[in-house]
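Following: one structure in structure tokens, then a few remarks.
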Amino acid sequence: MTQSEFTELSFTVSGRVARPVAEVYEAVADPEQLSRYFTTGGAKGRLEAGADVSWDFHDFPGAFPVTVVEADPPRKIVIQWGGEATKSGADYTTTTFTFEPLDEDTRTLVTITESSWALSTDGARNAFDNCEGWTTMLAAMKAWIEYGINLREGFYT
């Protein structure tokens, strides 16, 4: 692929959680659960197609509006939320969560892809920052769902 074929920056991260796919999907879709391990300032609203919800983080104070573009329980959630240095000056990125059952649905492969950053230094910086955030979210989700441990508690405050 040549540089002229790139239209935006994107990344994909994934991890495996030792729980059935429906349980892992709910850990993302349900704001009460999401608030226990990821949105340190709280999540408001269930991730359902067409919903406008908000996520708050102690490390980035102020609620972030999130629009749910698609929800296909228990396999996929697509959201759009605010971003800077995005493709064509849009003010959002698109994040897709997919949930794949493994080992007769005793484990779940969670894949998160985020896209829509501009091909620029600022776009790359923001994409790398969010890549770190989603990787941390996957680790925190695994610790929470499998062991009841909140990795983010006290981490940012």
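The values are calculated or read from the model by the stated rules, or taken from the named source; none is laboratory data. Here the structure is a predicted model, which means the values were calculated and not measured. Positions of Cβ are backbone-derived with ideal geometry, glycine not excepted, and every protein chain shown enters the neighbour counts.
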Which of the numbered conditions does ALA18 fail, given that it passes all the others? Conditions: (1) over 15 Å from the mean Cα position of the chain (by Cα); (2) more than 13 Å from ARG107 (Cα to Cα).
(2)
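Using the structure shown, decide if LEU9 is closer than 20 Å to ALA139 by Cβ, touching a residue at least 40 places away in the same chain (Cβ under 8 Å) and either surrounded by fewer than 14 Cβ atoms within 10 Å (Cβ to Cβ) or not hydroxyl-bearing (Ser, Thr, Tyr) (or both). Working first, answer last.
On the way: closer than 20 Å to ALA139 by Cβ: no; touching a residue at least 40 places away in the same chain (Cβ under 8 Å): yes; either surrounded by fewer than 14 Cβ atoms within 10 Å (Cβ to Cβ) or not hydroxyl-bearing (Ser, Thr, Tyr) (or both): yes.
Here the answer is no, as LEU9 does not meet what is asked.
Checking the structure you have, find out if any residue of the stretch 81-88 is within 22 Å of LYS142 (Cβ to Cβ), in contact with a Ser or Thr (Cβ under 6 Å, 6 or more places away or on another chain) and touching a residue at least 40 places away in the same chain (Cβ under 8 Å). Spell out the reasoning first.
Step one: of the stretch 81-88, the residues within 22 Å of LYS142 (Cβ to Cβ) are none.
No; the residues of the stretch 81-88 include none that is within 22 Å of LYS142 (Cβ to Cβ), in contact with a Ser or Thr (Cβ under 6 Å, 6 or more places away or on another chain) and touching a residue at least 40 places away in the same chain (Cβ under 8 Å).
Those residues that are part of a loop (DSSP other than H, G, I, E, B), of a type outside the set (A, V, I, L, M) and surrounded by fewer than 20 Cβ atoms within 10 Å (Cβ to Cβ), I need them from the stretch 125-157; list them, please.
GLY148, ASN150, GLU153, GLY154, PHE155, TYR156, THR157
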Unmet requirement for SER14, which otherwise passes all of (1) in contact (Cβ under 8 Å) with a residue 12 or more places away in the chain; (2) small (Gly, Ala, Ser); (3) over 13 Å from THR98 (Cβ atoms):
(3)
LYS87 vs. criteria farther than 23 Å from TYR37 by Cβ and basic (Lys, Arg):
yes
How many residues does the stretch 70-97 contain that are modelled with pLDDT of 95 or more and surrounded by fewer than 16 Cβ atoms within 10 Å (Cβ to Cβ)?
5
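Give GLU84, GLU114 a once-over and let me know the one that is over 17 Å from ARG16 (Cα atoms), in contact with a helix residue (DSSP H, G or I) (Cβ under 9 Å, 6 or more places away or on another chain) and assigned to a loop (DSSP other than H, G, I, E, B). Give the steps one after another, and end with the answer.
Numbers: GLU114 fails: assigned to a loop (DSSP other than H, G, I, E, B).
Result of the check over GLU84, GLU114: GLU84.
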If we ask which residues in the stretch 4-44 are part of a loop (DSSP other than H, G, I, E, B) and of a type in the set (Asp, Glu), their number turns out to be 2
Selection status of LEU47, within 19 Å of TRP144 (Cβ to Cβ) and in a loop (DSSP other than H, G, I, E, B):
yes
